[in-house]
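Note sheet for the following structure.
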Amino acid sequence: MNNTAQLQDEPGLMGQCRLGQGRVFTVLGDGFLVSGPLGLVKAKRAASCLLQPGRGDLVLVCHGELCHILAVLELAEEKGELVLPKTSTLKAHDLVLEADHDLALRGTGLRAEARHVEVRASLVRLCGLRLEQAFRSVQTRASSLVAMAGRAFGFFGRRLEKVDDVCETEAERMRVSTRELLRVRSRSLDMRSKDTVTVDGRNIRIG
């Protein structure tokens with residue numbers, strides 16, 4: 001039994017597209033005037049053409065009832081612009097973005113959703129008009145938090161925190177260890193423990 005379906009060519013839909021090369025003469029909003037073998041034709045960018053055509057670019061055009069630019073073959077300038085639909089999603093098992101110089105992400109909002117976020121840089125800079133006011137209350141919730149500072153600054157692991165209101169840290173067990181000096185300054189100090197308090201040192205000074 002032959003299960004192969006035979007599709008009949010529809011004269012009204014099939015065989016009307018002719019391919020040809022041309023150069024973008026000018027850009028008219030979302031449309032383009034392309035100069036080619038058929039003269040000056042008006043074409044739209046096809047959904048499959050992700051590179052935005054520019055003036056002077058060599059493009060592949062499908063001539064039919066409606067003309068479409070299928071691809072940009074050669075750029076008139078070195079700069080190219082990748083244009084996606086208004087709502088687009090890039091899916092991959094592993095996605096790597098590489099740039100020889102600068103990599104810029106611009107937008108009115110930037111959201112990163114991930115189980116693990118890692119930033120490696122010799123310099124991390126946060127710029128804002130109201131950066132201090134925006135970070136009056138800081139909360140960090142993570143099972144593992146690792147902060148690494150660049151060695152190019154001449155120090156490693158320096159951290160400065162300033163909170164205007166209440167800074168509260170809760171943990172089942174906590175250990176603070178320093179090789180040299182640990183200094184705690186406060187107008188009033190309240191230390192409470194339900195079990196044993198041990199103070200062990202070579203020189204202990206109170207008052």
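Nothing in this text is a laboratory measurement; each read-out follows from the coordinates by a stated rule. Computed from a predicted structure; not experimentally measured. As a convention, Cβ positions derive from the backbone with ideal geometry for all residues, glycine included, and neighbour counts pool all protein chains shown.
From least to most packed, judged by other beta carbons within 10 angstrom and beginning with the fewest, 62, 67, 167 follow the order 167, 62, 67.
So, with +1 on the Cβ of K and R and -1 on the Cβ of D and E, and no other charges, what is the size of the charge dipole of region 18-74 about its Cα centre, to the nearest 20 debye? Please list the in-between numbers first.
Working: 6 positive and 4 negative charges, 14 e Å.
Magnitude of the dipole: close to 60 debye.
Computed over region 18-74, the alpha-carbon pair-distance distribution with 10 angstrom bins reads 29, 65, 6, each value a whole percent. Straightening the chain between residue 182 and residue 170 buys 2.3 nm, computed as 0.36 nm per residue apart minus the Cα-Cα spacing.
Other residues whose C-beta falls under 14 angstrom from the C-beta of residue 60 contribute a net charge of +2, scoring Lys and Arg +1 and Asp and Glu -1. Available extension along the chain between residue 103 and residue 116 is 2.6 nm, counting 0.36 nm per residue and deducting the alpha carbon span.
If region 29-105 were replaced by its equivalent ellipsoid, with semi-axes equal to the square roots of 5 times the Cα gyration tensor eigenvalues, what would those be, largest first, whole Å? Taking √(5λ) for each eigenvalue gives 28, 16, 10 Å, largest first.
Around residue 22, with a cut-off of 13 angstrom between Cβ atoms, what is the net charge of the other residues, counting Lys and Arg +1 and Asp and Glu -1? Show your work: numbers first, answer last.
Numbers: positive: 18, 23, 42, 55; negative: 57, 74.
Residues close to residue 22 contribute a combined charge of +2.
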